[in-house]
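I have placed the structure first, in the form of structure tokens, so that the comments after it can refer back to it.
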Amino acid sequence: MLFRHALRTRTFRLTALLTAVALAAGPATTAQAQQKGPPVLRDTESEQLLREYTRPILRAAGLEKQNIQIVIINDSAFNAFVADGRRIFVNYGALLQSETPNQIIGVLAHETGHLAGGHLAKLREQLAQAQTQMIIAMLLGAGAIAAGAGRGSGNGLSSAGAAAISAPQGMIMRTLLSYQRQQEENADRAGVKFLTATAQSPKGMYETFKRFTDDSLFAARGADPYLMSHPMPIDRVQALEVFAHSSPYWDKKDDAALQMRHDMVRAKISAFMERQDTVYRRYPLSNTSLPARYAHAVTTYLHGDLRNALAQIDGLIQLQPANPYFYELRGQALIEGGKPAEAIAPLRKAVQLSNNAPLIEMLLGQALVATANNAYTDEAIAILRAATARESEAPIGYMQLAMAYGRKGDYGQADLASAQAAYLRGDNKTARDLASRAKTRFAIGTPGWVKADDIVSAKPLPGQKSN
């Protein structure tokens, strides 16, 4: 199941830090960007693959017990970044454009280098120092301006004061950007170290950065290297090439089975996220590979041909009867095709084969609720409660739970679940209104009342409107 929602702003508390350099340079407006978190894509198959890519890297970095999460961002550009010390954000475009597992693993190793190096905390310190320096410079400059004004317009103190304000800003900017460039170089070296420690090739990292160098070389010509947030592309890649070639695993290839899983995820993302004509250019009907057939099945169901899509999905299941994601796709197609009762059986199979993956359990709960058969209500509630307990940041689980409780007539729990869904979407006003109503339906001090009260009392996070 691939679906989208906005990540709450709490995962982007460092937005202000990441934009502080730009703010120091000028009056850029960032409020709009801070009001909402990024649009997130959720898909069990893609997330599981990324977790498997990242797990050995995190272990080599000594971060395996830090519960680092991988979050897929709904953006077609190739990018990955860290923003809060506990998540690695990866654009779906990075997965789509990485032709091999090793290429995206190299990017993940680089981002792990930022986490292991504590670069975010160190950047906070640099920004705090820069802010202090700028405040001092502004106060000194303002004093000179005031003194000059007191002695008359012809006095040079006013001009000197203006210069005292503006000149240090440029110097501080260069200092910050130089620090960021050094962090990027350190993350490259750490990434190669982690790849070597896990017997993986750094060639994918090099290939990815080399491709960006070739694409951006013309744009970088004539640019001031001290005003670039990353090292000059060609300098950075040359340094990486020397270091990466020293790895004894430089020529090691990806495992064929892993390459196939990677290709399957790329095909799935293409089919869900790209135009149908683009999908068929990537995977023409003459292409009968398993990834191509996967893409064809997804795009066929998305464009309304349910009967043909089900036939294609059944063909995939025949080829890989233990693949949970084919059963998940069949269930999703049936739900969206208006046949939720028929979706239950394949989704039960998907849950079983995926070892009770929470997002797939939510889809099963959705099918049970959508049948409007009260005989399924208690089962739906049990499944959805278990799923939301293990996956607490997916609004869809709480939305379906609210409908199940509503069908049962438990309006206190229905309001509470609806409030939780609204809170996760960043809709604070709706969340508070629903939670306030839920409180009136629970006895004071009960678990439901306490959860509702927590939502009512929650303050808007930095960058969010109070509504």
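Residue count for the range 420-441 under the criterion of being open to solvent by less than 40 Å² (accessible area, probe 1.4 Å), farther than 20 Å from PRO358 by Cα and either in a helix (DSSP H, G or I) or without any contact (Cβ under 8 Å) to a residue 40 or more places away in the chain (or both): the result is 5. A Cβ distance below 8 Å, combined with a sequence gap of six or more or placement on separate chains, defines the contacts here; from the range 68-83, residues that are more than 17 Å from ASP43 (Cα to Cα) reach residues that are open to solvent by 50 Å² or more (accessible area, probe 1.4 Å) in the pairs ILE68/ARG86; PHE78/GLN97; PHE78/PHE212; ALA83/LEU18. Regarding the range 455-463, can at least one residue be identified that is open to solvent by less than 30 Å² (accessible area, probe 1.4 Å) and either among the β-branched types (Val, Ile, Thr) or modelled with pLDDT of 95 or more (or both)? Yes, because at least one residue in the range 455-463 is open to solvent by less than 30 Å² (accessible area, probe 1.4 Å) and either among the β-branched types (Val, Ile, Thr) or modelled with pLDDT of 95 or more (or both). Of the strands (runs of 3 or more DSSP E) lying entirely inside the range 48-154, those containing at least 1 residues that are open to solvent by 40 Å² or more (accessible area, probe 1.4 Å) and at pLDDT below 95 span 69-73, 80-82.
Residue count for the range 298-331, restricted to those that are open to solvent by 10 Å² or more (accessible area, probe 1.4 Å) and either in contact (Cβ under 8 Å) with a residue 12 or more places away in the chain or not in a helix (DSSP H, G or I) (or both): 21. Test THR440 against the stated conditions and say whether it is closer than 18 Å to ILE396 by Cα and among the hydroxyl-bearing types (Ser, Thr, Tyr). Answer is no for this residue. Only residues that are over 19 Å from LEU316 (Cβ atoms) and among the basic types (Lys, Arg) were counted across the range 274-283, and they come to 2.
The residues listed here are ALA367, ALA341; of these, the one that is surrounded by 22 or more Cβ atoms within 10 Å (Cβ to Cβ) and of a type outside the set (D, E, K, R) is ALA367.
Taking the stated definitions as given, is SER286 within 21 Å of LEU319 (Cβ to Cβ), modelled with pLDDT of 95 or more and exposed (fewer than 14 other Cβ atoms within 10 Å of the Cβ)? Yes; evaluated as a whole, the condition is true for this residue.
Beta carbons closer than 7 Å, at least 6 apart along the sequence or on distinct chains, pair a first residue in the range 42-65 that is farther than 14 Å from GLY113 by Cα with a second that is open to solvent by 20 Å² or more (accessible area, probe 1.4 Å) and of a type in the set (S, T, N, Q) for THR44/SER354. Quick check, is ALA414 part of a helix (DSSP H, G or I), out of contact with any His (no Cβ under 6 Å at 6 or more places or on another chain), more than 30 Å from ALA343 (Cα to Cα) and among the hydrophobic types (A, V, I, L, M, F, W, C)? No; evaluated as a whole, the condition is false for this residue. Checking ALA380, ALA389, ALA350 one by one, the residue that is part of a helix (DSSP H, G or I) and either open to solvent by 70 Å² or more (accessible area, probe 1.4 Å) or within 20 Å of HIS303 (Cα to Cα) (or both) is ALA389 and no other. When LEU424, LEU401 are checked against the criterion of being of a type in the set (A, V, I, L, M) and modelled with pLDDT under 95, LEU424 stands alone in meeting it.
Considering (1) more than 27 Å from the chain's Cα centre (by Cα); (2) within 21 Å of LEU195 (Cβ to Cβ); (3) at pLDDT below 90, the lone condition that HIS230 does not fulfil carries the number (1).
The values are calculated or read from the model by the stated rules, or taken from the named source; none is laboratory data. A quick note: this is a predicted structure, and the numbers were derived from the prediction, not measured. Cβ atoms come from the backbone with ideal geometry, glycine included; neighbour counts cover every protein chain shown. All accessible areas refer to the heavy atoms of the entire protein, side chains included, with ligands and DNA or RNA removed. Shrake-Rupley method; radii C 1.70, N 1.55, O 1.52, S 1.80 Å.
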